Structure formats: C-alpha cells, structure tokens
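S.K.: Below is one structure. I have some questions about it.
The values are calculated or read from the model by the stated rules, or taken from the named source; none is laboratory data. Keep in mind that what you see is a predicted model, and the values were worked out from it rather than measured. FYI the Cβ positions are ideal-geometry reconstructions off the backbone, even for glycines, and counts take in every protein chain you see. Please note that ligands, DNA and RNA were not included when accessible areas were found on the heavy atoms of the full protein model with its side chains. Shrake-Rupley method; radii C 1.70, N 1.55, O 1.52, S 1.80 Å.
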Amino acid sequence: MKVIHVVPSVSEEASGPSYSVVRLCESLIRQELEVTLATLDGGRPAAPPLHFHKPFPVGLGPDRLGRSPAMRSWLDGQVGTGAVGLIHNHSLWMLPNVYPGKLARKYGVPLIVSPRGTLSEWAFQRGSKLKRLFWPLVQKPALTAATCFHATAESEYEDIRRMGFRQPVCVIPNGIDIPQAKQMSLTDERTLLFLGRIHPKKGLDNLLRAWQVCEQHFPEWRLRIAGPDNDGYLPKMQALAEELRLKNVAFCGPLYGEAKHAAYREADIFVLPTHSENFGMTVAEALAVGTPAIVTRGAPWSGLERHRAGWWIDVGVEPLAACLKEAMSQPRSELMDMGRRGREWMKAEFSWVNAAQKMAETYRWVMEGSAAIERPDWVVV
C-alpha cells in the first residue's frame, strides 16, 4: 500500500504535528506501508534526515498560503499514475492542505483528513478575515472530497460534525514515546511547568493571574514557562508578569529534545490552561515521564481524573487558582504516585504501535470498501 502524507511543515519542533505526523509515518512504515511525507521547504534542521520526507519549495505568493507549484505538480504526477492508494492530509488553511482534496476528486483516490485542531470552535471564532474568505471558497470545497476524517479525540469528532461534515470519522489518539522516568527530587524548591508555544489559545494570561493568587502562599514553588514566541505574544506575557508583580516566574525560551524531557522530569506538576486543543501532546509527554498534570477542559484529557493522574478543570482564572492551591499543597509522595499512574496509562493506551495499527486498518477499510471489510470499532459513521 503506497500512501502520501501531506502537511505544510515539520520543521517547528514545538508544534504538535511536527512530532505526531512524523512518528505516525515512521510507525506506519513499520506496519509495512510505503509512506512518503510531502511538506514545504524547511526540513528538520535539528534532527537527522528522514528517508521518507520529500520537501518542496514555496512559490510566489503570501507565505501564509504556502503556494507550491512544485508540490502540486509532483502530487498530480504521483496520484495520476495510479501508484498511490491513498492520500492523508494533516491540518488546514494552507494550499498544501487544498491540493489533496482537488486531486482526490480528480482521480477518485481515497482521502483521509486530520484537521489537527483547526476545526475547533475557539479557532474559528478567532479566525482572520483571510480565513473567513478562504473557508467557503477554497478549504471547505477541498474537504468535501474527504473519504474519511481522522480525529484524535471525541471533542475533535464533535468539531467535525459541527462543521457539517457527514463522512466517516476514525477516532484514533496520537501515540507517545515513553522516555526515562523521573525520580523524586531531594531539593526544597518545587516547580510548576508550562511548556508549549507562547500563543493566546494556551491560556497563559489566565495562568499568570492565577499564579498571582497563589505564589505568596507557596514561596517554595516557582512557575517555569518554556516555549517559543508565537507572533509576538511572549513580550505581552512578560509585560503582564511585570504588571502583576510576580516574583517566582521564569520565562526560559524553547526547549527541545533531552532538554525538554529533563524539564518535564524536574517539574513537580505540569500545567496546560488552554482554551482549545485537539489532543495536547505536551500533556502526554509530561505524563510519559511521570509528572502529573493540570489541564483545562479546552483539551480532551478527562482521563486524568479517571486514572487519578492529575486534574481536569474549567477554563478560567478562578478554577485554575483553586486547583493550583490544592495541587501545590500535595506532598511530593502523592504527586509521585499520581505521576506513576499517568505513566502506566500512557504505556497501556498511547503506544505508536497501537495508533499505527488502527490507522493502517482504517486505510484498508477505506480503500477496499465497507462491503469487503468490517468497519473498525473506532470508525464512526
């Protein structure tokens, strides 16, 4: 089975798809699928080359559209020969996310679409004027060619249905790699960690205001904020921290690779006060090393309560401040127990082998038709 995956970029390591799409492709290859990952130029400068990765240059036009005649021509040549069994598109809002729909309709090739959080209500409410024009004229028509959608959580399935799409949807969570586990710290200092893009949807303004309520009661705790700036939002958050006269707060920039895993291990608690996530890879990464998490209901992590691995709370300053007070009052031993339960949960339910097996079976069901193969349990029609 030859499959082409398309995503605008895998070069931004702090972006969830840069990890999840690449790891899905690698895991599908281990399932003996022939996979090519087509992206725009940029590559992965901080990582070894990927043998299945085919980057293309950006042509004339606004960078945010990512117009690439070279990608379009190559895709047309690959699909038009009949050698490609299926196209899998990841994300929306750029022309590389439009080409697959046009080619699927032109040649009758099955198309899987993974929105990767781009269809959330929060994202649509804050869309630019360009997006409001791009949606009805370009992006939505391309999505009508989808044979099946892929959602990483039930909440994303609901987003797909809310937008009016009635195609089958496979609900398959991302996988996660399990790194070395954390050890109990022997220092008096304790750390609350946020790690991710410094972006309005992440809820950092709520976190800083909630921290203002809590920090005077917990002098041994510090708030560490790690992540790259997104469109100039970092200076605004630094200014807010100064305005609130916060003391034990550090903005430490982006962290990658082992430095990122070390930050998770050194933290007592991870926090993601987000307004909207289709999955939230950082939550899985924190749990995988054994760090409990506080996550808002903007992300699909209700299992934190079920597995007693953290807290799942309403979005807002007051619920976050109340939860921080409760969480930071816990003894280290209790937080370590929560972290161990979270790590075991990640091992049991979020392996890349499991995700790839489900995706490969979904591909076969889509390609061969429901009359030939029984519908997989994770596909909703």
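S.K.: For region 145-190, what is the accessible area per residue in Å², given a 1.4 Å probe and the full set of protein chains?
M.R.: Value returned for region 145-190: 46 Å² of accessible area per residue.
S.K.: Using only the alpha-carbon atoms, how far is helix 317-328 inclined from the longest principal axis of the chain? Give it as 0 to 90 degrees, nearest 10.
M.R.: Around 70 degrees separate the two axes.
S.K.: Within the chain, what percent of beta bridges assigned by DSSP are antiparallel, to the nearest 5?
M.R.: 5
S.K.: While we're looking at this one, here's another question. Return one number: the angle in degrees, 0 to 90 and rounded to the nearest 10, between the long axis of the Cα atoms of helix 16-30 and the longest principal axis of the Cα atoms of the chain.
M.R.: It works out to around 60 degrees.
S.K.: In sequence order, what are the phi-derived ³J(HN,Hα) couplings for region 156-171 according to the Karplus relation 6.51 cos²θ - 1.76 cosθ + 1.60 with θ = phi - 60°, rounded to whole Hz, with x for glycine and proline?
M.R.: 6, 4, 5, 4, 4, 5, 4, 7, x, 7, 10, 5, x, 10, 8, 9
S.K.: OK, next. Roughly how much of ILE29 is accessible, in Å² to the nearest 10, using a 1.4 Å probe?
M.R.: 50
S.K.: Sticking with this one: Residue by residue through region 357-364, which ³J(HN,Hα) values in whole Hz follow from phi under the Karplus form 6.51 cos²θ - 1.76 cosθ + 1.60 (θ = phi - 60°), with glycine and proline marked x?
M.R.: With the stated coefficients, region 357-364 comes to 4, 5, 5, 4, 5, 5, 4, 5 Hz.
S.K.: Under 5 Å between amide hydrogens, which residues at least 5 positions from TRP311 or on another chain qualify, with H placed 1.01 Å from N in the peptide plane?
M.R.: ALA293, ILE294, VAL295
S.K.: Enumerate by residue number the trypsin sites (Lys or Arg not before Pro) in region 165-218 meeting two conditions: DSSP loop (anything except H, G, I, E, B), and at most 16 other Cβ atoms within 10 Å of the site's Cβ.
M.R.: ARG166
S.K.: Give, as a single signed number, the net charge of other residues whose beta carbon lies under 11 Å from the beta carbon of PRO115, with Lys and Arg counted +1 and Asp and Glu -1.
M.R.: -1
S.K.: Using alpha-carbon pairs under 8 Å, 6+ residues apart, how would you state the relative contact order of the chain in percent?
M.R.: Result for the chain is 16 percent.
S.K.: Now for a separate question. Please list, ordered by chain and number, the residues whose modelled amide H lies under 5 Å from the amide H of ASN230; skip anything fewer than 5 residues away on the same chain.
M.R.: ILE198
S.K.: Just the accessible area for HIS275, please: 1.4 Å probe, Å², rounded to the nearest 10?
M.R.: 60
S.K.: Before I look further, what does region 255-365 give for accessible area per residue, probe 1.4 Å, in whole square angstrom?
M.R.: Heavy-atom SASA per residue in region 255-365 reads 36 Å².
S.K.: Give me the percent of the accessible area of the chain that comes from carbon and sulfur atoms, probe 1.4 Å, all protein chains in place.
M.R.: For the chain, the apolar C and S fraction of the accessible surface comes to 50 percent.
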